[in-house]
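Rule-based calculations on the coordinates, nothing more; no lab input. All figures in this text were calculated on a predicted structure; none of them were measured in a lab. Note that each Cβ is placed from the backbone with ideal geometry, even for glycine, and that neighbours are counted across all protein chains shown.
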Amino acid sequence: MQATTVLVEGESDRLAVQALAVRCGHDLNAEHVSVVPMGGATSIVRFLDRYGPAGENHRLLGLCDERESRGIARALDRAGIGPGPLDELGFHVCHTDLEDELIRCLGIDAVLNVIDAQGELASFRLLQRQPSQREQPVTKQLQRFFGGRSGNKVRYAPLLVEALPTGRAPQPLARLVASFAPEA
């Protein structure tokens, strides 16, 4: 069975992908699927060299933010994976980023419940009162909360995935995990 390597931008993305895969019944080890954080999308060339056609020739899949999608597409083309829409190449694009996708999929109340369950709702409310945040929509405040404190993205990504109703996940993440099934 050919190994599958799933390239994601960072550690929070890795944890979210793995959490949804487990919820969907995947055994990543048995399926020879590795989810690899690249430390940012701009590092993709190094990972394509290692895992792509000129390297270990793994089946490659991925998840990226919209602002990184053009660079990812160019890198995939240069690596010999092909031109074309990213989703047809196995790479799925989050509108802003994965946290934004999770917030929109869950809804604000459910996200606040996750934050509250972690004992950090008061901290979020404090952030909302900051002058730079007062006029921002709650979704932007939540993104700031997750991205503003070291470790919050990593901490909350799997928690937000676990809070998703069964069978419901952001489309880019759901399509990525659904594609783990080996190609015939």
Checklist outcome for this item: The long-range amide H neighbours of D65, using H built 1.01 Å from N in the peptide plane and a cut-off of under 5 Å, are C94
Item to check | Lys, Arg +1 and Asp, Glu -1 on Cβ, resulting dipole of the stretch 85-162 about Cα centre, debye, nearest 20 | outcome: 520
Item to check | (1) 1, 8, 17, 20, 18, 14, 10, 6, 4, 2, 0, 0; (2) 1, 8, 14, 16, 14, 10, 6, 4, 4, 3, 4, 3, 4, 3, 3, 2, 1, 1, 0, 0; (3) 1, 7, 12, 13, 11, 8, 5, 5, 6, 7, 7, 6, 5, 4, 2, 1, 0, with the label sought being that of the calculated P(r) over Cα pairs in 5 Å bins from 0, in percent | outcome: (1)
Item to check | Helix 69-78 vs. the chain, principal-axis angle (Cα, 0 to 90°, nearest 10) | outcome: 10
Checklist entry - Which is farthest toward the positive dipole end of the chain among Q2, L173, P131, measuring Cα position about the Cα centre, with Cβ charges +1 (Lys, Arg) and -1 (Asp, Glu)? => result P131
Checklist entry - Which residue, P83, P37, P165, tops the fluctuation ranking in a GNM of the chain built on C-alpha contacts under 10 Å? => result P165
Checklist entry - By how many degrees, 0 to 90 and rounded to 10, does the Cα axis of helix 152-163 deviate from the longest principal axis of the chain? => result 90
Checklist entry - Could you state the number of Å between the C-alpha centres of the stretch 1-36 and the stretch 87-161? => result 22
Checklist entry - Each residue of the stretch 10-20 in order: what ³J(HN,Hα) in whole Hz does its phi give by Karplus 6.51 cos²θ - 1.76 cosθ + 1.60, θ = phi - 60°, with x for Gly and Pro? => result x, 4, 5, 5, 4, 5, 5, 4, 5, 5, 5
Item to check | Taking the chain and dividing mean pair separation by its residue count, relative contact order in percent (alpha carbons under 8 Å, at least six apart) | outcome: 26
